[in-house]
Amino acid sequence: MIAIIDYDAGNLKSVEKALTLLGQEVIVSREHDVICKADKVILPGVGAFGDAMEKLHRFGLVDTIHEVVEKNTPFLGICLGLQLLFDESDEAAGVKGLGILSGKIRKIPPMEGYKIPHMGWNSLKIKEDAKLFQGIKDGSYVYFVHSYYLEAADESIVAATTEYCTHIHASVESKNVFACQFHPEKSSEVGLRILRNFADLGKEA
């Protein structure tokens, strides 16, 4: 069972639909017990960092997420869900993120000829042993929608990068915590393979 965390931050249905297409059993919930009993957990999201953190606190999900991570349940953050895992964001001064991983979310710097928000397909430079990207060719394209990007404190956790106005940490992997700035659920066959790789984590053991 894969639990998708519902905190009124959008994009739940497309993630649920993609996982269902892959034959996964999925539940969308904000209930502590449901989320903590799941085999894997996904934190999707679109919107603003500060508003999202307020909702996670309001629904009592901050402690729930920390509990899930601490018990080594595979956890996947998508788009805003990646950003929330880190310490802070330029988008919301003074608002603390979940702090599960160390790093900051920066505003994409303006550059002539580039539009912000960044909306569209970009290729990835993939780390060779990245678990989410098994069976995916280096240089594969995925779909982004964002105005802010991750600057991870520890580059060893960076599983994939891309270039758009600046060097962007597009995906991270740290023990049982995985995250993508792009939208795998909107990234065609490559995205479905990433979600399948996440769903299959632990099955090889």
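The values are calculated or read from the model by the stated rules, or taken from the named source; none is laboratory data. These figures come from a predicted structure and were not determined experimentally. Cβ atoms come from the backbone with ideal geometry, glycine included; neighbour counts cover every protein chain shown. With ligands, DNA and RNA removed, areas are computed over all heavy atoms of the protein, side chains included. Shrake-Rupley method; radii C 1.70, N 1.55, O 1.52, S 1.80 Å.
What the table shows:
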{"item": "Yes/no for GLU25 being farther than 17 Å from LEU85 by Cα, surrounded by fewer than 16 Cβ atoms within 10 Å (Cβ to Cβ) and of a type in the set (Asp, Glu)", "result": "yes"}
{"item": "Answer residue from segment 28-55, given it is surrounded by 20 or more Cβ atoms within 10 Å (Cβ to Cβ) and of a type in the set (Gly, Ala, Ser) and is farthest from ASN176 (Cα to Cα) among those", "result": "ALA52"}
{"item": "Enumeration of residues in segment 153-205 that are closer than 15 Å to LEU124 by Cβ, touching a residue at least 12 places away in the same chain (Cβ under 8 Å), open to solvent by 50 Å² or more (accessible area, probe 1.4 Å) and not in a helix (DSSP H, G or I)", "result": "GLU163"}
{"item": "Matching entry among ASP90, ASP138 (being charged (D, E, K, R), surrounded by fewer than 16 Cβ atoms within 10 Å (Cβ to Cβ), modelled with pLDDT of 95 or more and within 22 Å of LEU201 (Cβ to Cβ))", "result": "ASP138"}
